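Okay, structure first, notes after.
The values are calculated or read from the model by the stated rules, or taken from the named source; none is laboratory data. What you are looking at is a predicted structure, and each value in this text was computed from that prediction instead of being measured. A quick note on method: Cβ atoms are made from the backbone with ideal geometry, for glycine too, and the neighbour counts reach across all protein chains shown. Heavy atoms of the whole protein, side chains included, go into the accessibility calculation; ligands, DNA and RNA do not. Shrake-Rupley method; radii C 1.70, N 1.55, O 1.52, S 1.80 Å.
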Amino acid sequence: MLDESPKRFDRIIAILIQLQSKKIVRAQELADRFEVSLRTIYRDIRTLEASGVPIYGEAGIGYSLVDGYRLPPVMFTREEASSFIAAEKLMQKFIDKELGQHYQSAMFKLKSVLQNSDKDWVSSIESNVLIQPPMGNLFNENVPNAMAILFKSIADKTQVKLNYQAFEAETSSERTIEPVGIFHDHNHWYVLGFCHLRNDYRQFRADRIEGIQKTNLPFTKEHQPLETFLDKENTCPTTKVRLLVDKKISKFLASEKKYHGFVAQKNIGDFVEMTFLSRDIENGFARWFLMFGDYATIIEPEELKARILELMDVYKNKLS
């Protein structure tokens, strides 16, 4: 029988490190990470307790280390340290200026604990990794600390004031919001929050924030996790769309089709039949279809065909 003692030892040490990284860690979270059963995790926790590690556990909540207990600083392997290089390059291009400075400071501290040979090894990788910047600005250049303030607001559960330029508005408006969470989608950062002006939850695109100010006003209500709101958005009514697309062009739609509700596809001769569940037939999907419409046929629905003809008439009148 294979001796798994070294593997188990590594897992137990990793569990101890994870216990230090969070206030409470659930057994299921550990089981999912290490791909083992809950029974195995319970056994590993008992092993840590038997070795003198003061762990507090409560059924239905999780495990935590007794306050004040800490291991000496843990050394990174060169492979672990190199994994931060890609993250550092991404952070430089995809977050605002203030958070970028904080991350850069953290990276200096991380690199300072490496052995000299590992520092050279990491540096050789660092100089040969390049992340191209995204198209357009992810943040308003005049608001270099938007994400940093939103992070603090979410953690402190305090309201923020925004000067926000909505897409359809001619001028910006002042909004007071209670930020629930931040997410990145389709090359843009968004904050979802409870808007006091609209008395409802709204999404705000980061590059349209023209001013931001943290306040000391506490949240007025308890908010559900961000995932709850995004899941609700994914359950909005959809319309089934089927297209017959020329194979020569279908491969160029790969990066965009998922944002328009792509479900499945199958080859039919020189064409690909694509199926979508679209949440925006009238504008989003119809306008996207016009980009490659001369290489595609709409199988269904009829309302999409009608909308395409309507848009083409508008374009035709503008050109005449």
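Residue by residue through the range 118-158, note down the ones that are exposed (fewer than 10 other Cβ atoms within 10 Å of the Cβ) and modelled with pLDDT of 90 or more. Within the range 118-158, A155 is the sole residue that qualifies.
Beta carbons closer than 7 Å, at least 6 apart along the sequence or on distinct chains, pair a first residue in the range 34-49 that is under 11 Å from I12 (Cβ atoms) with a second that is among the hydroxyl-bearing types (S, T, Y) and open to solvent by less than 50 Å² (accessible area, probe 1.4 Å) for I45/Y63. Of the residues examined, N216 is not one that is loosely packed, with under 11 Cβ neighbours inside 10 Å, modelled with pLDDT of 90 or more and in contact with a helix residue (DSSP H, G or I) (Cβ under 8 Å, 6 or more places away or on another chain). Taking the criterion of being at pLDDT 90 or above, in contact with a helix residue (DSSP H, G or I) (Cβ under 8 Å, 6 or more places away or on another chain) and open to solvent by 60 Å² or more (accessible area, probe 1.4 Å), the only residue of the range 39-71 that qualifies is Y42. When the strands (runs of 3 or more DSSP E) confined to the range 159-208 are screened for residues that are open to solvent by less than 20 Å² (accessible area, probe 1.4 Å), those reaching at least 2 such residues are found at 173-185, 188-195.
Annotation note: Cβ proximity below 7 Å between a residue of the range 242-260 that is of a type in the set (S, T, Y) and a residue that is surrounded by 13 or more Cβ atoms within 10 Å (Cβ to Cβ) (sequence gap 6+ or interchain) occurs for S250/V272. Write out, first by first residue and then by second, each pair whose Cβ atoms fall under 7 Å of each other, whose residues are 6+ apart or on separate chains, and whose first residue, in the range 86-103, is over 18 Å from V129 (Cα atoms) while the second is assigned to a loop (DSSP other than H, G, I, E, B) and open to solvent by 50 Å² or more (accessible area, probe 1.4 Å). As it stands, the answer is D96/P144; K97/P144; E98/P144, since those pairs meet every condition given. Within the range 100-117, being farther than 25 Å from E141 by Cβ, assigned to a helix (DSSP H, G or I) and open to solvent by 50 Å² or more (accessible area, probe 1.4 Å) holds for F108, K109, S112, N116, S117.
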